[in-house]
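A.B. asks: Got a structure for you, questions after.
Read-outs throughout are calculated quantities, based only on the coordinates presented, and are distinct from any laboratory measurement. Only a predicted model underlies this, so the values are computations on that prediction, with no experimental measurement involved. Virtual Cβ from ideal backbone geometry, glycine too; neighbours counted across all protein chains shown.
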Amino acid sequence: MTESEMKQQRASNSSVERERNKNLSMLFNGTSNTKRQRLYQEFGYPLHLTFDDFYRAYRRNAVAGAAVTRMVDGCWEDFPEVYEGDQTKDASKQTDWDKRVNKLLKRCWEQIKGADRRNLVGRYSAILLQIKDSKPWSDAVDTAAVARLKEKALVKLIPVWEAQIDPTAWDDDPASETFGEVTMYSFTELPVDGNFDARPGRIINVHPDRVIILAEGSDDGVMTSGKSLLEAGFNKLLDIEKVSGGASEGFLKNASRQLNYSFSEKTNFSALAKALGVAEGQLAEALDQQVRRLNDSTDSASFMQAGTAEVLSVAAADPEPTWRTALSEFCATVPIPVKELVGMQTGERASTEDAKGWGRTRMSRRKGFLTDVITEVVSRFWTLGFIPPPQGEEITVGWSDLLAPSQAEKIANMDKLADVAVKSMNAFGRSAIEENEIRAAGELQPLPELDDEVPPDGNKPKPDPLADPEPEAEKSGNTTVES
């Protein structure tokens, strides 16, 4: 073995050893705490998170469900417009291609939004294209048949969960341009929540031509590298359940009137049993029946002899500080401001700043991941033949500005500029703000600029002799000539 081969072998062994140690640490510990390596087990956190964990949290945990819903509805507050070229256009300047593709997308937005919601819950999701090309789903799309039908060839889009679609075959040819990419998917047509309906469940192979993968956070292009929105804060979701559920359970136990009977040494159990109408051996059951009657009715009585009955209760702790701490930690991982997620508003300035930050988060996701998804969908449309390709095969996705000022803010800006105009006019005899500048602050159309304004009667006003005095030469009618 040469020296180069020996170095390569040592590097390979070192890499395998690191991977082995990492897997052992994750298998038995789940935490990087070197002093207390069983924290996850003690706290009840799962060592490995799967799609089922994320899906259960989304369906049953109020905070997790609200986070996914707020993110989806916030980013899809309205639907974008798609234009050919690298610049957006006004509605009046749309090309025929723009109008055609936006008309096709109108019946696809809800399914694309649904796939985005599934992508946030799991590591990835997918959009299946049901196409009228007389081919099985496991075959490549017949582009010739699609070209004849155009938009009519697209039957519908089907959003699917991570648990419903899996890759089954990859391109393993190192010389291929698609080396490492998936060549076949397996689609399981069954609901992920276990509620089976009357539809027959099918497991079919699907060609990649008919699949669009959404995997947010997968910068290496591998679908399984995507990240769930709930992964980073999953432990905090469990803490929230512990605190809120424990507080509710404590309240229920205090309200249940659990009784503790205390008897003295002078108690005559035979006489007590006789008073209750039972044998002495059945005294415990008789006392238990008394407790049940007390809990079931408000006018029941309890018989005692030389003893006392006390209600077992504890002073319930206020769960809000602990609950809010866990909630704040979870919101930091999403990221959604606490006030935006649960609707709390404690201060105007704080609420306004949080709203701006939330708007920037949504705009960043719109212009990043969601724009890439829409671009992939539209490019697949023209690749398969539903629509012709745009000029230069380049498109622009135009979103509305979530950070634009509201109508009330526009009016407030105009009011401030008008106030500056009045004050500058009073101080200096002329306004520092033009009328059209004030109108621009309210996003109103500018007024046409006229050099000489003519009164309604058509006569030009005469100059004011005090404001515009005539030159001395004109008054005398003489012309002065300098030599």
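A.B. asks: Step through the residues of the range 220-236 one at a time and calculate ³J(HN,Hα) from phi using the Karplus curve (6.51 cos²θ - 1.76 cosθ + 1.60, θ = phi - 60°), rounding each to whole Hz and writing x for Gly and Pro.
C.D. replies: Karplus-based 3J(HN,Hα) across the range 220-236 equals 8, x, 8, 4, 6, 8, x, 10, 6, 4, 9, 5, 4, x, 5, 4, 5 Hz.
A.B. asks: Ok, one more. Treating only the Cβ of Lys, Arg, Asp and Glu as charged (+1, +1, -1, -1), what charge dipole size does the range 44-149 show about its Cα centre? Round to the nearest 20 debye.
C.D. replies: Details: 18 positive and 16 negative charges, 77 e Å.
Rounded to the nearest 20 debye, it is 380 debye.
A.B. asks: With labels modelled as points extended 7 Å from the Cα through the Cβ direction, what inter-label distance (nm, one decimal) is found for R202 paired with S406?
C.D. replies: In this crude label model, R202 to S406 measures out at 4.9 nm.
A.B. asks: Here's a follow-up. In whole percent, what relative contact order does the range 398-442 give with Cα contacts below 8 Å and a gap of six or more residues?
C.D. replies: Once divided by the residue count of the range 398-442, the mean separation gives 39 percent.
A.B. asks: Which residues among the range 227-243 fall inside the zone where the amide N is under 18 Å from a point 7 Å beyond the Cα of S32, along Cα→Cβ?
C.D. replies: 231-236
A.B. asks: Once the convex hull of the C-alpha atoms of the range 55-105 is built, how many Å³ does it hold per residue, rounded to a whole number?
C.D. replies: Working: hull volume 5.6 nm³, N = 51.
Convex hull of Cα atoms, per residue: 109 Å³.
A.B. asks: About its Cα centre, what dipole magnitude does the range 105-207 give when the only charges are +1 on Lys and Arg Cβ and -1 on Asp and Glu Cβ, stated in debye to the nearest 20?
C.D. replies: On the way: 14 positive and 16 negative charges, 163 e Å.
Charge dipole of the range 105-207: 780 debye, to the nearest 20.
A.B. asks: Given the peptides 153-159, 423-429, 381-387, arrange them by the average over their residues of other C-beta atoms within 10 Å, most packed first.
C.D. replies: Values: 153-159: 17.1, 423-429: 10.6, 381-387: 19.6.
By packing density, highest mean first, the sequence is 381-387, 153-159, 423-429.
A.B. asks: Name the long-range amide H neighbours of S218: under 5 Å, sequence gap of 5 or more, or other chain; modelled H, no Pro or chain starts.
C.D. replies: Hits under the 5 Å cutoff: K227.
A.B. asks: Continuing with this model, one more query. Is the C-alpha gyration tensor of the range 96-188 telling us rounded, prolate or oblate? Criteria: a/c under 1.5 is rounded; beyond that, a/b larger than b/c is prolate, otherwise oblate. List each step's numbers first, then the result.
C.D. replies: On the way: a/c = 1.90, a/b = 1.23, b/c = 1.55.
Oblate shape, in that a/c is at least 1.5 and b/c is the bigger or equal ratio.
A.B. asks: How big is the dipole moment of the range 354-432 about its Cα centre under a simple scheme where the beta carbon of each Lys and Arg is +1, that of each Asp and Glu is -1, and everything else is neutral? Debye, nearest 20, please. Each step should come with its number before you reach the end.
C.D. replies: Details: 11 positive and 9 negative charges, 66 e Å.
Roughly 320 debye, rounded to the nearest 20.
A.B. asks: Between G217, A271, L230, whose Cα lies farthest towards the positive end of the dipole of the range 204-277 when Lys and Arg beta carbons carry +1 and Asp and Glu beta carbons carry -1, centred on the Cα centre?
C.D. replies: A271
A.B. asks: I'd like the distance between the alpha-carbon centres of the range 148-167 and the range 384-404, rounded to an integer number of Å.
C.D. replies: Each part's Cα centre sits 20 Å from the other's.
A.B. asks: Continuing with this model, one more query. Give the peptides 140-150, 202-212, 173-183, 40-50 in descending order of average Cβ contacts within 10 Å, highest first. Intermediate results must be reported in sequence, preceding the final value.
C.D. replies: Numbers: 140-150: 14.9, 202-212: 16.9, 173-183: 10.7, 40-50: 12.7.
Sorting 140-150, 202-212, 173-183, 40-50 by mean packing, highest first, produces 202-212, 140-150, 40-50, 173-183.
A.B. asks: From the Cα trace of the range 200-285, what convex hull volume per residue do you get, rounded to a whole Å³?
C.D. replies: On the way: hull volume 24.5 nm³, N = 86.
Measuring per residue, one finds 285 Å³ for the Cα hull of the range 200-285.
A.B. asks: Next question, about the same structure. Along the three principal axes, how long is the range 33-135 when you take its alpha carbons, biggest first, rounded to the nearest angstrom?
C.D. replies: 66, 38, 27
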